[in-house]
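No value in this document is a laboratory result; all are computed from the given coordinates. It should be emphasised that the depicted structure is a prediction, and the values quoted were computed from it without experimental measurement. Every residue, glycine as well, gets a Cβ built from its backbone with ideal geometry; the counts of neighbours run over all protein chains shown.
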Amino acid sequence: MNPSKLAIEIPLEIAEPTTGMVQAVLRELLEHVELLIKSGQQHVIDLTSLPLNDSDKRELKNLLGKGEVSITLSTLGDSKIFETGINGIWWIKHFNPNEQLLAELIEITTIPEIIKSHPDDIEQAAFELKKLIENNESGEEV
Amino acid sequence: MSTSFEQGINTLKQVIDAPIAAYFSSCTNCGLCSRACIFYTETENPKYTPIRRVEPMRRIWEQEFTLVGKAKKALGLSKEVTEQDLKDCVELAFESCTTCGRCSMVCPVGNDIVYMIRRMREGLTAAGLAPKSLQDAAVRTMEKGSVMGFPMKTLEAMVKAAEKETGIEINIDKPDVDYLLLLSSAEVMQFNEIIASLAQIFKEAGVSWTFSSIAHEAGNPGMHMGASEIEAQMINRIVQAAEELNIKNVISPECGHAYMAIRWEGPNVIGRPYPFKVYHIIEVLDKLREQGKLKTTGCELERITFHDPCQAARRGGVNQPQRNLLNMVSSNFIEMKDSQACNWCCGGGGGVNTIEKAEPLMKKVFNRKRNQIEELDVTTVVTMCATCRNTLEEGIENNNMNVQVLGLTELVANHLLKEKKS
Amino acid sequence: MSDNRQQLAGELQRHGISRRTFLKFCTSMASAMALTPAAAAEMAEKLVKIKRQSVIWLSFQECTGCTESITRADKPSLESLIFDFISLDYHHTLQAASGDAAELAREQAMHDNAGKYILVVDGSIPLKDGGVYSTIAGMTNLDMLKQVAKGAAAIVAIGSCAAFGGLPKASPNPTGAVSVSDIIHDKPIINIPGCPPIPVVMTGVLAHVLTFGIPELDDMGRPKAFYGDTIHDRCYRRPFYDRGEFAKSFDDDGARKGWCLYELGCKGPTTHNACATVKWNNGTSFPIQSGHGCLGCSEPDFWDAGGFYKAISTGIGKPGQWATGALAAGAAAGLASAYLNKVTKSKAEKDHQEVTLEDMGGKHE
Amino acid sequence: MNEIELLNWARGPGLAYATIIMVFGLTLRVFEILSLGRAEELAEVRGSGVSDGWKMIFKRSLPEPRHWKLITASYIFHVGLLVIIFFFIPHTQFFRDVFGVFWSGWPNYVIDFFTVLSIAAMMYTLVSRFVDPTRRILSKMSDYFAWVVTFLPLVTGYMAFHRLGMDYTTMLAVHILSVELLMISLPISKLTHAITFTMARYYTGSSNGRRGIQS
C-alpha cells in the first residue's frame, strides 16, 4: 500500500542500537538474587541513573519477561509495578498526575516495599476497624 | 677626519627610509634568505644569513624611529649599537656579500635585503670602516679617473693601437655623436681588444661614438663602499662629459656594478635626472641587431652557456638582449639551471674581489658556479661583466676546469659580417 | 508512636497523602538528584521522623517568580509536598499575618529555633544609599538579612537575584544590588540560581538539606546534583552542534528540523542548570526544546552577557565602536611619532659631515 | 571573579581593550613607517612600478618550490589560521556581529582538520628554530614570544570546542583571552608583519617594476 495514502501518519521510531548495558544489568541482578537467597538482603536498581536507551530497556524487559503479578498504585499519579518472569525481580514505574515518568526501578525482593502496608498504618487499622464496627452497629439500630 | 662612529650612526639615521622601516617591521627571522645566499649555501655557516648583515641598522631603526623601540630602549630591553657592533658588521656587509640581491628574490614578506645592505654600507663607510682596498680604489678613481689607476694616456695608446689594427678612426672628446662610450678598468687592463671589436661593430652599424677624456671609465667604488657622495662625484664626471659633448646616449660597459651605478643610482645620488639616456653595451648591440644594423656570420657549434652578471641582469633588468645576441651567434646555447634573475653570483662582485681577507671565502663560494657550469658540460662560458669574467677565469683556473671565458661583445665581434675590407 | 512522628503522620493523613505517595515522592526525589535508591528509603525514614523544620523566607528585591515557581499555585503536586515537612514561619507573600503581627511571628520563630532554622532568601539586596531602595517594616533588607542570618543554621539563596544579583544587578545597577553571598560570609550558603529555578530543583535541594544537610556544592555554591552539567552537555540537539547544523532564523527549515540554536544566541554551553534533563512544567519541555535558545538565566550577570540573540562567540558591547576611536588615536600618535622622526632625520641631516676623499686617504684637492 | 565573569570580561571589556590596543598600535606603526618617506626615483624608469607593487603583494605569496621543507609548515599554519579564523561558524558569527557581513562557515570537521594540521605545523616551525642552524642563530626571545601567542589560540580553541581541559566556560574564556593576547602583541612584535608585509612587498615590487626586473 502506498505509505502516503495512510489515513494517519505513523510516527516512525528509529530503534537506536542497544548499547550492551543489558548484559551488565543481568549480572548485577544475578548477584543480588543470590544475596537475597543467602541473606534475604533486598536491592534496588535505579534504571534512570543507568545510561540505558529505550532499546536497552525493551531488550531487558523482553529478557526478563512478564510474571503473574501486576499492580497499579494510585498515589498522586499512578505507579505501575509488575513482577517479571523471574520471581523476586520486580519492575516499578512511578508516574506523576500527567503521566510523566518520575522514576523507573528494578527491585530484587520478595515483595516491593511500597506495596507492603507499613506497621504504623496497621496500628491505625485496629482503631479504624473499631470505629467502623461502631458506626455499622449504630446504623443498624437506627 | 670626518668619518667616525657618531657619523656612522648618524648616516644610518639618514638612510633609513619607509621601505626599510617596512622591511624591518615585517622580517620574521624565518631564515629563508640564507638559502639564496652562496655565502651560506657553500659554507653552511649560518652567520652569513643575509638579514644578519643589517642587524645594527635594525636596532637603530627600532630605537630611533618607533615608539615601541624607544620604550624598549628606555626599559633596557634593547641595547644600543656599539662601535664593536659596527666593526663586526664589516665582515658581513662587505667581505661576505657581493650585493648580488638573490636574497631579496626569496624573502617571503618581500623585503629587499640587498637594498638594506647597500644602506648599511653607507653607515659603515661614514664610520670609516669601509675596506681599505675600496677606499684606495675610490682615491685612484677620482685622482686618476680609473679604478685600477690607468690614466687617460693608457687609453689613448690603446685607441691608437686599435685604430692601426682596424683602420677605423676612434674619436676622443668628439661632440654631437650618437654614443659616449665608457669602459671598465678590467677591460682596459685585460680585455682591451674590446675597443677594436666595438669600433668595427659601430662602423658596420654606421653609428658614431666617442670616448671622453673627462670620464673614460664607468667603474664606481663609491657605490661599492656605500659612500654616495663620492659615488656622486664619479657620476658627475660622466654627466659633465656627456653634457659638454652634447651626447644623448651613454654606454655603460661590460661591467655589472657600473651599470647599476650609472643607470639606476646615478640620478638619485647627484639629485637630478640625466639629460641623456644610459644603455648597457649589450642593450645597444641588441638594438642594432633589431634594427638590422648588426649582422653576423657563422655559428658557434660547440656548447655555450651564459653567466648573467647580478647587477646588470637581476638588479639591472638586462636579461633578454644577451640572449638575442647569443642565439644570433650560437646554435648550441644552453641556459644554466638558474639563469637570468635567478642566477647565482660568481662571488667576486660588490667589491669582494678587492678584499684580500675575503680571498679564501671567494674561492669557496665559487663552487656553486663551478657546479652550475660542470652540470652543462660546456666548452665556453660567456658573460657581460669584466669583474665576473675575472672571477670566472680565476675560479676555472683554481678548479682546473677546461672551459674558456668570453665577453659577449668580443664573441659578437668575432662573428661580425664585414661589408667590405677597409 | 512518638507524638512527634504521629504528629507528622497525622499531618500527612490530613493532606490525604498516603505513606505510599510519600515513599514515591522520596524515590522520585532521590532519582532526580541522582542519589542511590537506598538514600530514598533513608530520606523517607528521616523526613517522617523530623520535627517540622522551621524556615524563614525573606523576600527582598524580587519579582515573586521564585515563590510562584516553588508553590506552583495552580495545582498541588508532588513537588509542593515539601511544604508538608517544613513550617514556613515567615513568608510575606504566603503568610496570613501582616504588619507587626508578621514581624512578631518572624522574631518568635527566630527566637524559638535560634541557630536551627533555615533562612531562605529570594531577591537581591540593595546597598546604595544605605539600602533604602528596599525595606520591610522600616528595616532595610541589608539589616534584616544580617539580623536573621545570625541565627540561621544554613541559608538557601533561591533564584539568580539572591544567588548572583540577577536583574536588579544588571547594569547600571541603580540600587547597588548584591547577592546574599556578597554580604554573608560566615554561614553555609546554597545558591539555587535560575530565573526562576526549576521547582523540582528547589524542592529537591530543600529535601536534601532537611535529610542529609548541605548537598555537594560547586565553586559558586550551587548543588552539583543539579548544576554539575551545562545545558549543552545534556542537550538533545547536541548532535546538530557537533555536525555544525545550525538554525539561521527562528522559522527557517533548520529551526523546524530542530537544529542547534547556537547562531540564535543560545547560551547553553556556558550555563550550568538541569533544564535539559529535569525540564520544566513537570517535565513537559525546556526553552531549547520549544525552539528558543537558552538565556543562561542561572549564571551571574546573564542580563549583561551581550544580548540573548547573539552567539556566545560574539563580543559584548560593540567592539567595532572602539576601533574607530582607536584608529583616530593611533593616527594622532602616528603623527606625533612622525614629527619626532622628522626631527631625528633633520638633526641627522644637520650633523652630517660629508665623506670626502681625504677620509679615504686621498690628497687634498 | 568566577568563570562566567571571566568569560563576560573576556568577551566585553577584554575585547574592547584588545581592539583598542591593536588598532591603535598598528595604525601608529604604519604611520611611523610612512613618516620616514621614500626617495623619489630620478632615474629613467622602465615602468611606473605601481602596478608591479600591487602585483608583488600577491605574487610573493606563491610558494617557492625550492625550499619546500622550510616553507611548507608555515604555509600550512598560515592557511590554517586563515581558514579557522574566517570559516569556523562561531567565528563567522563574531564577524557578523562586528562588521555586519555574513558568510557561511565550513563544517566543524574541516575546521578540526585544519586546526590539528596547523598545530602540528607550528610545532615543526618551533623545532626547526632549534634544529636549523640559520634559524637558531636568528631566533630571539621575541620570535618565541610571537610563536607562543600565535600557538595558544589554536590549542585553547581546539580544547574548548572538544570540551577538553577545564570546563567549557573557563576554556572558552581562556581561548578568547589568548586571542586578545595575540591582538595586543600584533603591534609590539614581529607579528606586525601581518599588516606591514603588504607595504614591504609593495615597495620591493614597485622598485623592481621601475627597473623592469623580474621579481
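Between A:Lys66 and A:Gly85, the built amide H atoms are under 5 Å apart, and every one of these is 5 or more places off in sequence or on another chain. Sorting the Cα pairs of the stretch C:270-316 by distance into bins of 5 Å, from 0 upward, gives 5, 21, 27, 23, 14, 7, 2, 0 percent per bin.
Note on chain C: with a GNM built from Cα contacts shorter than 10 Å, the maximum mean-square fluctuation among C:Ala326, C:Ala276, C:Ala109 falls on C:Ala326. Cross-link partners of B:Lys364 among lysines, defined as those whose alpha carbon lies under 23 angstrom from its own and excluding same-chain residues fewer than eight positions apart: B:Lys47, B:Lys132, B:Lys337.
Distance between the pseudo-spin-label points of D:Ser51 and A:Asn53 (7 Å out from Cα toward the beta carbon): 6.3 nm.
How crowded by other chains is D:17-27, given as the mean number of beta carbons from other chains within 10 Å of each beta carbon? Don't jump to the answer; show the numbers that get you there.
Working: counts 3, 3, 8, 8, 3, 4, 10, 12, 5, 4, 10.
Mean partner-chain Cβ count within 10 Å for D:17-27: 6.
Model label points for B:Lys248 and C:Lys146, set 7 angstrom from Cα along the Cα-to-Cβ axis, are 10.1 nm apart.
The Rg/Rh ratio for chain A, using Cα coordinates for both the radius of gyration and the Kirkwood hydrodynamic radius, is 1.16.
A simple rule links phi to the HN-Hα coupling: the Karplus curve 6.51 cos²θ - 1.76 cosθ + 1.60 with θ = phi - 60°, which for the stretch B:362-369 gives 4, 4, 5, 6, 5, 3, 4, 5 Hz, with x for Gly and Pro. Summarising the label geometry, the points placed 7 Å from Cα in the beta-carbon direction at C:Arg52 and C:Ala97 lie 1.4 nm from one another. Rounded to 0.05, the FRET efficiency of the B:Thr41 and B:Asp88 pair, given R0 = 30 Å and the Cβ-Cβ distance, is 0.85.
If I build a Gaussian network model for chain C, linking alpha-carbon pairs within less than 10 angstrom, which residue out of C:Gly65, C:Gly283, C:Gly151 has the largest mean-square fluctuation? Comparing C:Gly65, C:Gly283, C:Gly151 in a Gaussian network model of chain C, the most mobile one is C:Gly283.
Viscosity 1.306 mPa s, temperature 10 °C: give me the Stokes-Einstein translational D for the protein assembly as shown in µm²/s, with Rh taken as the Kirkwood radius over C-alpha pairs.
Values: Rh = 37.4 Å.
Approximately 42 µm²/s, per Stokes-Einstein.
Most tightly packed first, judged by the mean number of other beta-carbon atoms within 10 Å of their residues, the peptides B:289-297, D:23-31 read D:23-31, B:289-297.
Averaged over the residues of C:343-352, the number of partner chain Cβ atoms lying within 10 Å of the residue Cβ comes to 5.
Here the peptides B:66-72, A:22-28 are ranked by packing, the mean other Cβ count within 10 Å, and the order with the highest first is B:66-72, A:22-28. When the alpha carbon gyration tensor of the stretch D:44-151 is reduced to an equivalent ellipsoid, the three semi-axes, largest first, read 28, 25, 14 Å. For D:Leu62 and D:Trp103, the difference between the fully extended length at 0.36 nm per residue and the C-alpha to C-alpha distance is 12.2 nm. Over chain C, the fraction of Cα-Cα pairs per 10 Å bin, rounded to whole percents and listed from the shortest bin up, is 5, 19, 25, 19, 11, 6, 4, 3, 3, 2, 1, 1, 0.
How many angstrom separate the Cα center of the stretch B:298-348 from the Cα center of the stretch C:283-306? Cα centroid to Cα centroid, the span is 74 Å.
Rule-of-thumb check for the stretch B:260-353: C-alpha Rg over 2.2 N^0.38 Å?
Values: Rg = 15.5 Å, N = 94, 2.2 N^0.38 = 12.4 Å.
After normalising by residue count via 2.2 N^0.38 Å, the value is 1.26.
The phi-based Karplus calculation (6.51 cos²θ - 1.76 cosθ + 1.60; θ = phi - 60°) puts the 3J(HN,Hα) values of the stretch A:89-94 at 10, 10, 10, 10, 10, 9 Hz, whole numbers, x for Gly and Pro. Cα centroid separation, the stretch B:256-278 to the stretch B:175-209: 20 Å.
Per the Kirkwood treatment, what hydrodynamic radius in Å, one decimal, follows for the stretch B:5-129 from the mean inverse distance over all distinct Cα pairs?
Working: mean 1/r = 0.0686 Å⁻¹.
One over the average 1/r among Cα pairs gives 14.6 Å for the stretch B:5-129.
Each residue of the stretch B:204-215 was assigned a 3J(HN,Hα) from its phi angle through the Karplus expression (A = 6.51, B = -1.76, C = 1.60, θ = phi - 60°), giving 4, 7, x, 10, 9, 8, 8, 8, 10, 6, 6, 9 Hz with x at Gly and Pro. Diffusion of chain D by Stokes-Einstein, at 4 °C in a medium of 1.567 mPa s and with Rh set to the Kirkwood radius over alpha-carbon pairs, works out to 66 µm²/s.
With neighbour counts taken as other beta-carbon atoms within 10 Å, the residues A:Asp78, A:Asp54, C:Asp122 rank, fewest first, as A:Asp54, A:Asp78, C:Asp122.
What's the exposure ranking of A:Leu76, B:Leu285, going from fewest to most Cβ atoms within 10 Å? Can you show the working numbers first?
Details: A:Leu76 22, B:Leu285 28.
The most exposed by this proxy come first: A:Leu76, B:Leu285.
Per residue of C:324-336, how many C-beta atoms from partner chains lie within 10 Å of its own C-beta, taken as a mean?
Details: counts 1, 5, 12, 5, 3, 5, 13, 5, 4, 7, 12, 3, 4.
That works out to 6 on average.
Eigen-decomposition of the gyration tensor built on the alpha-carbon atoms of the stretch A:46-119 gives equivalent ellipsoid semi-axes of 19, 17, 11 angstrom, largest listed first.
In the elastic network of chain C, a GNM with C-alpha springs shorter than 10 Å, the most mobile of C:Glu103, C:Glu45, C:Glu354 is C:Glu354.
Normalised by 2.2 N^0.38 Å, where N is the number of residues, the C-alpha radius of gyration of the stretch B:322-422 stands at 1.18.
Only Cα sites of the stretch B:77-184 enter the Debye sum here, all with the same form factor; the resulting log10 I(q)/I(0) across q = 0.14 1/Å is -0.81, listed in q order. Summarising the amide proton neighbourhood of A:Phe95: residues at separation of 5 or more, or on other chains, whose placed amide H is nearer than 5 Å comprise A:Asp78, A:Ser79, A:Lys80, A:Leu102. Average 1/r across all pairs of distinct alpha carbons in chain B, invert it, and you get the Kirkwood radius: 22.2 Å.
Applying a 4.7 Å cutoff between beta carbons, the unpaired cysteines of chain C are C:Cys26, C:Cys63, C:Cys66, C:Cys161, C:Cys235, C:Cys260, C:Cys266, C:Cys275, C:Cys294.
Taking amide hydrogens as placed 1.01 Å from N in the peptide plane, the amide H of B:Tyr179 sits under 5 Å from those of B:Ser208, B:Trp209, B:Thr210, each at least 5 positions away in sequence or on another chain.
Counting beta carbons within 10 Å around each of D:Met22, B:Met142, D:Met1, B:Met225 and listing the fewest first gives the order D:Met1, B:Met142, D:Met22, B:Met225.
Based on the alpha-carbon gyration tensor of the stretch C:236-365, what equivalent-ellipsoid semi-axes (square roots of 5 times the eigenvalues) come out, in whole Å, largest first? If you can, show how the numbers build up before the last one.
Values: eigenvalues 879, 58, 32 Å².
Square roots of five times the eigenvalues give 66, 17, 13 Å.
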